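The values are calculated or read from the model by the stated rules, or taken from the named source; none is laboratory data. For clarity, every value in this text was computed on a predicted model and none was experimentally measured. Cβ placement follows ideal geometry from the backbone for every residue including glycine, while neighbour counts extend to all protein chains displayed.
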Amino acid sequence: MSKQEFTITVYTENQVGLLNRIAIIFSRRKINIESLNTSPSEVPSIHRFSILIHETEEVVRKLARQIEKQVDVLKAYYNTNEEIVWQELALYKVPTEIITEKVKVERLLREHGARAIVIRKDYTIFETTGHREETDKLIKVLEPYGLIEFVRSARVAIIKDSAGFHSKLREFERKEPAEEVIENEFLDKQDEVFTM
Amino acid sequence: MEILTAQQSSTETSSSVERTISGGEALLDALLHEGVSTIFGYPGGAIMPIYDSLYDYRDRLNHILVRHEQGAIHAAQGYARTSGDVGVVFATSGPGATNLVTGLADAQIDSTPLVCITGQVFAHLLGTDAFQETDVINITTPITKWNYQVTDATEIPSVIAKAFYIAKSGRPGPVVIDITKNAQLQKFSYSGYTPCDHIRSYRPKPVVRKDYIEKAAALINGAKKPFVIFGQGVILGEAEMEFRSFIEKGGFPAAWTILGLSALPTDHPQNVGMLGMHGNYGPNLLTNECDVLIAIGMRFDDRVTGRLDKYAKQAKVVHLDIDPSEIDKNVKAEVPVWGDCKETLPLLTALINKRTFPEWLKEFQDCHIQEVETVIQDELNPKSAVLTMGEVIRELNELTLGDAVIVTDVGQHQMVACRYAKFNNTRSNVTSGGLGTMGFALPAAIGAKFGALDRTVVAIIGDGGFQMTLQELGTIMQTGIQVKIIILNNHFLGMVRQWQQLFHEKRYSFVNIESPDFVQVAKGYHIHGASVSERKDLRSAISKMLEHDGSYLLEVHVGKENNVFPMVPQGCGVAEIRLK
């Protein structure tokens, strides 16, 4: 099995210390987290982690189970890039005089779907969203024109075939939940998992 | 009946009446509601309000004052192992809490239910490097099933309820609750204790899936050489009877991991012995001969499997476990039976055919005969002048008849004791399996005795391990608890020495350990003792130890350079097991 990008989506309680509890599952195994984002989810009070790593599926599956084992974690999913829609946000700070002087720069920015969010006398901040390659490309483009600062957010992702967590949560809250909630990929998709 | 109902409702009413109490008192009230009777602990600055409250609960809560917090947590582990209840520990902040770390790691890897209460500095001092402040939550995160810091007393009842529920349900484990001093002191309006029976983000066990039971049964029914390997899950699930019915109906040979030991009586005809690095010959060798490997409540530790790419490759694996993260972790399961084995085993037993495997069992017996001739005979009935560890265990077996609780430390004596000790009853083998914690046995034996007051508890410890926690002789002295201690003294750190002999050209690097006069040390704590080095004195010495009314320390000088065999050398497959 070769390594590829996987996005792990974790639904959790909003609990102090849980970020560390999840992060050390990776660091203990000396696995680098490419990016990590925590945010509210579609369900009030439920938090959502999006973790990007570059690993084999077998490793990712084991990691997801270790994460799901944590008491304050409701569910952990992992998906390949084909199974999700994702975005990253990037900010670029560029000297304003260059933008105003060189028409070419403005055109380049437009081509890359960037928009100005702050314009000051000394600098201008552009924002763009997209996949890493896209935001990376713009760095390359802006570098010759005196890119002052660059920052990129973690990946946030939506799972294409997920129906969201509302109905799942209601199940979790029941004392005797339906099978769907206590599903485990090796119980539900055994055929896929056990072809080795 | 009516009276009972009336009483019940009156209790409910009384507990629903609000009263003002401190956080410390709320904690102790919670412990009483959880059925706690024994606490192992050590006071200090940041836990003083709890100890102040404890002064009023002395009649209901038996607090055992240990000599070191590590002793407290190992004692609580021993207590949990023999009693089946949650072990409870009190320790103060800073060094008190950090001294729990080894025991927490041990309990985490060996799935021992513990609730550890640590004091913490006042909430307003958190993060200021206050006196005896340590970041206990973050230090203990990787070695706890759950941990939580309480900074407000009103949280205490619900958090303690959650702590007990988490510690004992599902796959058990240690929980740390760190309570800031202000929360211990804080008075609040207390409306009674409600135990926890559900946490929405936590599934201790699944609803058993029938289709997997059926698949497992079909696979087992088609097997020609089925082999059962079992671990502590059988004991933790209180499924000893269910397990026995399963193997007896199926006629399977069954071998145990070190923590599964005592779940099945040693002399059961289908008990074929111990798995792993120093396990028995047959179980290791024939792991690579069976066609269906039925793993029950065990986690395929590397000390059990040896090299994974040479482990049971010919077999189809049925893995019964309550923890889904264990399934497929080290060994791929053909059929995962995820669930509590108390529930899954009877379902499986109902579907399997009643069979016997005389020829297959004979293969184990033949291996055993070979092992007796090359290893066991010389270990149990040696012709050498020096005593062996094995003969001490044999004498002990003959005198206790297999009814004692045996607590072992880590090293050669542990392997020998687990290989040869006889057990009639479950929850009789207490040892540090996964973590391999030297210094575990003495405090664990104290706790084991508190957890099984009516049973004889014998601690078997090496000369090295004993010196790691011998301060707990003070706990024995002060509590008067009866623990029988056998030190198997080979004047070496024997297991490391054995490896240095076998794999490092006998370069004995710092394994030559000197010991004090153990009997004199015990005497200093008013504990009787004796030392033997002659075979003719051994039996009477053990007998005297067992009959003595009180704790007793028996030092036995054994051969200095004896090795534990068989052995699966590291990096080898189980079938490459060496008999010498």
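Brief remarks follow.
Rundown of residues vs (1) over 28 Å from A:His47 (Cα atoms); (2) within 17 Å of the chain's Cα centre (by Cα); (3) at pLDDT below 90, yes/no style:
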{"residue": "A:Ile98", "(1), (2), (3)": "yes, no, yes"}
{"residue": "A:Glu101", "(1), (2), (3)": "yes, no, yes"}
{"residue": "A:Lys121", "(1), (2), (3)": "yes, no, no"}
{"residue": "A:Asp161", "(1), (2), (3)": "no, yes, yes"}
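- Boolean, B:Ile327 is away from chain A (no Cβ under 14 Å), under 30 Å from B:Cys572 (Cα atoms) and not aromatic (Phe, Trp, Tyr): no
- Helices (runs of 4 or more DSSP H) fully within the range B:315-427 counting 2 or more residues that are more than 29 Å from B:Arg455 (Cα to Cα) and outside the structural domain of B:Leu285 (by TED's automatic domain parsing): B:358-371, B:377-380
Quick grid of which residues meet (1) crowded, with 16+ Cβ neighbours inside 10 Å; (2) part of a helix (DSSP H, G or I); (3) among the acidic types (Asp, Glu); (4) free of Cβ contacts under 8 Å to residues at least 60 places away in the same chain:
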site	(1), (2), (3), (4)
B:Leu27	yes, yes, no, no
B:Leu32	no, yes, no, yes
B:Gly35	no, no, no, yes
B:Phe40	yes, no, no, no
B:Met48	yes, yes, no, no
B:Asp52	no, yes, yes, yes
B:Asp56	no, yes, yes, yes
B:Arg60	no, no, no, yes
B:His63	yes, no, no, yes
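- Residue in the range B:72-93 that is part of a loop (DSSP other than H, G, I, E, B), of a type in the set (Ser, Thr, Tyr) and under 17 Å from B:Lys449 (Cα atoms) present: no
- Filtered residue count, the range B:541-567, keeping only those that are within 16 Å of B:Met389 (Cα to Cα) and without any contact (Cβ under 8 Å) to a residue 40 or more places away in the chain: 1
- When each of A:Glu101, A:Glu97, A:Glu68, A:Glu106 is tested for being among the charged types (D, E, K, R), within 14 Å of another protein chain (Cβ to nearest Cβ), out of contact with any Cys (no Cβ under 6 Å at 6 or more places or on another chain) and more than 22 Å from A:Glu133 (Cβ to Cβ), the lone residue that passes is A:Glu68.
- A:Leu18 vs. criteria in contact (Cβ under 8 Å) with a residue 40 or more places away in the chain and either crowded, with 22+ Cβ neighbours inside 10 Å or within 13 Å of A:Val156 (Cα to Cα) (or both): no
- Enumeration of residues in the range A:81-98 that are among the aliphatic types (A, V, I, L, M) and surrounded by fewer than 19 Cβ atoms within 10 Å (Cβ to Cβ): A:Val85, A:Leu89, A:Leu91, A:Ile98
- Residue count, the range B:256-297 (criterion: crowded, with 24+ Cβ neighbours inside 10 Å and part of a helix (DSSP H, G or I)): 5
- Subset of the range B:200-218 that is out of contact with any strand residue (DSSP E or B) (no Cβ under 6 Å at 6 or more places or on another chain) and more than 10 Å from chain A (Cβ to nearest Cβ) - its residue that is surrounded by the fewest Cβ atoms within 10 Å (Cβ to Cβ): B:Lys210
- Matching residues, the range B:243-268, being closer than 13 Å to B:Trp360 by Cα and not small (Gly, Ala, Ser): B:Phe252, B:Pro253
- Some residue of the range A:170-191 being farther than 30 Å from B:His319 by Cα, of a type in the set (A, V, I, L, M), under 25 Å from the mean Cα position of the chain (by Cα) and modelled with pLDDT under 90: no
- Residue satisfying condition, being assigned by TED's automatic domain parsing to the domain that holds B:Asp110 and part of a strand (DSSP E or B), within set B:Ile177, B:Ile160, B:Ile139: B:Ile177
- Within the range B:131-165, tally of residues that are in contact with a strand residue (DSSP E or B) (Cβ under 7 Å, 6 or more places away or on another chain), small (Gly, Ala, Ser) and away from every other protein chain (no Cβ under 12 Å): 1
- Only one of the numbered conditions (1) buried (at least 23 other Cβ atoms within 10 Å of the Cβ); (2) part of a helix (DSSP H, G or I); (3) not basic (Lys, Arg) is not met by B:Pro172, and that is (2).
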